[in-house]
Amino acid sequence: MKQFFKFTFASCLGFAIAMIILWFVMIFSVMGLVATIGSGTDEKKTISENSILHLNLNGVIQERSTELELPPMFSDYALKEIGLDRIMTAIDKAAKNPKIKGIYLESGLLQCGYATAQQIRTKLQDFKKSGKFVYAYSDLYAQNGYFLSTVADTLVTNPSGMIELKGLSSTSMFFKGALDKLGIQMQIFKVGTYKSAVEPFTETKMSDANREQMTMLLSNFWSVILDSVSVSRGVPVAELNKYASEGIMLKEQKDLLSSKLVDKLLYRDEFNTLLKTKMGIAQDKKLKLVSISDMAKNSDIIDDNQKSRNTIALVYAVGEIDGTSTPKVDTRKLSEEIFKIKADSSIKAVVLRVNSPGGSAFGSEQVWYALSELKKVKPFVVSMGDYAASGGYYISCDANWIFAEPTTLTGSIGIFGMLPNTKGLTDKLGLNFDVVQTNPIANFPSMTSPVSAEERMLMQRNVERGYELFTRRCAEGRKMPVESILKVAEGRVWSGVKAKELGLVDELGGMDMALAKAASLANLKDYKVKDYPKKKEFFDQLLEDYGLAAVTRLTSVLGGDYFKEYLIINNIKDMDPVQARLPLMLDIE
């Protein structure tokens, strides 16, 4: 027995010592990693003569870049995220820098909405005005990447490559069957025939109204894509649509050439040879490729406007409004930021960049109020990204001028409330609840019992008041009668093109046009742009981007749609009971 305790104690002690040593190793490793990453954060990058900007867009395009980049040893395990702001800056600098002769565009498995792709595409069209070239090469072109890449002077793919030209689709997932089996009932309160966000919890298929609006939305988007590709490739729209319907993405690569969807079929080393010939470089020499990050950090060309005393604040509202996951719009912090901007005399105008599917109706109203107060002293313009819908439109509607991309998803002017009733589930589990209360609705809301008739009436009226306020805000902001807003409201989503026709936005265009309009409204001849809210500090960003958030992102990739389903169900309990937002899962492919 003594020997047993002796060996047991020795084993436990050894394990404890090993864990302590491992802990210190991890600490020093993290410190070394931080030092490695941090040392290059503010490093200025130099550009060599006869260089090419390699616009590698394989990855997820986010609205804003992060100051944190993983060192090479971790790059294979990280999900690559690229800031749209950094991409646009890199292209601008490349156009002005005489050392950069052109752009090598590689869209690959681009992950972003069509409005984001449209903005990059437009920036590349502007770049070409400098007289420099744009060559595109990818082994596989995702459909949004091909849409973007057709702007190139020469478009190339691999002899075994593929172009995803197939049309658009949107798949809705319905949870009602699963919830019924579990004994969970979703109690719904809404205004708006087309407010489809609640359908996954109450139906097993799309309603006729939702199918109607989604069909029109996808048709609008597809027309924009076909028109743009047609102009760039010189292929009639009808032929492009025919190729998509015939499944050209699965046909022989020679068909891509004969249909004029690409200019050449080359292996990657052959494409490099093509680039060297274009640059007049000997074949035994290496191409001088400059990354997006290096180009954005380069200071060869100094913008004189950065010396201006006038500032335009570029305020980002990205993600769910008071959502439960990142990125999200924290309405309390954003409202405080807006009031600080209002009080800053050096800031002459504001551009609000909105890329949000909506969220909390209460939070949306708070941001609307802050912006309405800001508007009393300085102009503000809205630039819409992939989404500016429901709550995203709520915070936009009072702007002096609204820009949207043709493929922006906007509108969705509607309100809903949702309360889960888990009594069926708790009965199955044999759980019983008894309540003592002083007043009839003291226990409202309760997840363990259905709402009473009185509670349902009160909740529905609350939602209707929210809808009335929402539509009134839209009418006042757009200077339209409430009756006109009601005709385009009802929770219906619109493309940017259709929203302009209906008067919900003023003009089609991206961030550059929004900044120019803000400068015009403020009568500014020169200005510099400053981003808000301020980016996170280095260590905060390190913990967020490569801590639990990274695990979540990685798990979402490995778990696919099952993980998305889990997140949706899990997040319902944390949502505000009254929402102005799109469906919890809306994918357009």
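Quick notes on this one:
- Close pairs (8 angstrom Cβ cut-off, 6 or more residues apart or separate chains): over 16 Å from residue 329 (Cβ atoms) in the stretch 345-356, polar (S, T, N, Q) and surrounded by fewer than 24 Cβ atoms within 10 Å (Cβ to Cβ) anywhere: 346/310; 346/311; 347/311; 348/310; 348/311
- Candidate set: the stretch 284-300, residues that are more than 19 Å from residue 84 (Cα to Cα) and among the acidic types (Asp, Glu); chosen: the one surrounded by the fewest Cβ atoms within 10 Å (Cβ to Cβ): 284
- Subset of the stretch 120-135 (residues that are of a type in the set (Ser, Thr, Tyr), out of contact with any strand residue (DSSP E or B) (no Cβ under 7 Å at 6 or more places or on another chain) and not in a helix (DSSP H, G or I)): 130
- Residue count for the stretch 199-217, restricted to those that are free of Cβ contacts under 8 Å to residues at least 40 places away in the same chain, in a helix (DSSP H, G or I) and within 13 Å of residue 186 (Cα to Cα): 1
- Residue 262 vs. criteria among the hydrophobic types (A, V, I, L, M, F, W, C) and part of a loop (DSSP other than H, G, I, E, B): yes
- Every listed requirement among (1) under 23 Å from residue 520 (Cα atoms); (2) more than 32 Å from the chain's Cα centre (by Cα); (3) of a type in the set (Gly, Ala, Ser) is met by residue 308 save one, (2).
- Qualifying residue in the stretch 337-356 (condition: farther than 25 Å from residue 517 by Cβ and not aromatic (Phe, Trp, Tyr)): no
- Residue in the stretch 322-345 that is assigned by TED's automatic domain parsing to the domain that holds residue 403, of a type in the set (Val, Ile, Thr), surrounded by 14 or more Cβ atoms within 10 Å (Cβ to Cβ) and assigned to a strand (DSSP E or B) present: yes
- Any hit, the stretch 438-456, residues being of a type in the set (Asp, Glu), closer than 24 Å to residue 192 by Cα and surrounded by 14 or more Cβ atoms within 10 Å (Cβ to Cβ): yes
- Looking only at the stretch 354-378, and only at residues there that are out of contact with any Phe, Trp or Tyr (no Cβ under 9 Å at 6 or more places or on another chain) and part of a loop (DSSP other than H, G, I, E, B), the one that is surrounded by the fewest Cβ atoms within 10 Å (Cβ to Cβ): 376
- Residues (farther than 24 Å from residue 178 by Cα and part of a helix (DSSP H, G or I)) located in the stretch 425-455: 453, 454, 455
- Among residues that are touching a Gly at 6+ places or on another chain (Cβ under 9 Å), at pLDDT 95 or above and of a type outside the set (Gly, Ala, Ser), residue 80 is not included.
- Single match in 230, 293 (criterion: assigned to a helix (DSSP H, G or I), of a type in the set (S, T, N, Q) and under 30 Å from residue 497 (Cβ atoms)): 230
- Test: residue in the stretch 35-50 that is small (Gly, Ala, Ser) and at pLDDT 50 or above: yes
- For the stretch 136-157, the set of residues classified as in a strand (DSSP E or B) and either surrounded by fewer than 24 Cβ atoms within 10 Å (Cβ to Cβ) or β-branched (Val, Ile, Thr) (or both) consists of 139, 140, 154, 156, 157, listed by residue number.
- Lone unmet requirement of (1) free of Cβ contacts under 8 Å to residues at least 24 places away in the same chain; (2) within 16 Å of the chain's Cα centre (by Cα) for residue 409: (1)
- One residue stands out in the stretch 187-233 among those that are within 25 Å of the chain's Cα centre (by Cα) and of a type in the set (Ser, Thr, Tyr): the one that is surrounded by the most Cβ atoms within 10 Å (Cβ to Cβ), namely 196.
- Looking only at the stretch 304-353, and only at residues there that are touching a Phe, Trp or Tyr at 6+ places or on another chain (Cβ under 7 Å) and of a type in the set (S, T, N, Q), the one that is nearest to residue 403 (Cα to Cα): 311
The values are calculated or read from the model by the stated rules, or taken from the named source; none is laboratory data. The structure displayed is predicted, hence computed values, not measured ones. Every residue, glycine as well, gets a Cβ built from its backbone with ideal geometry; the counts of neighbours run over all protein chains shown.
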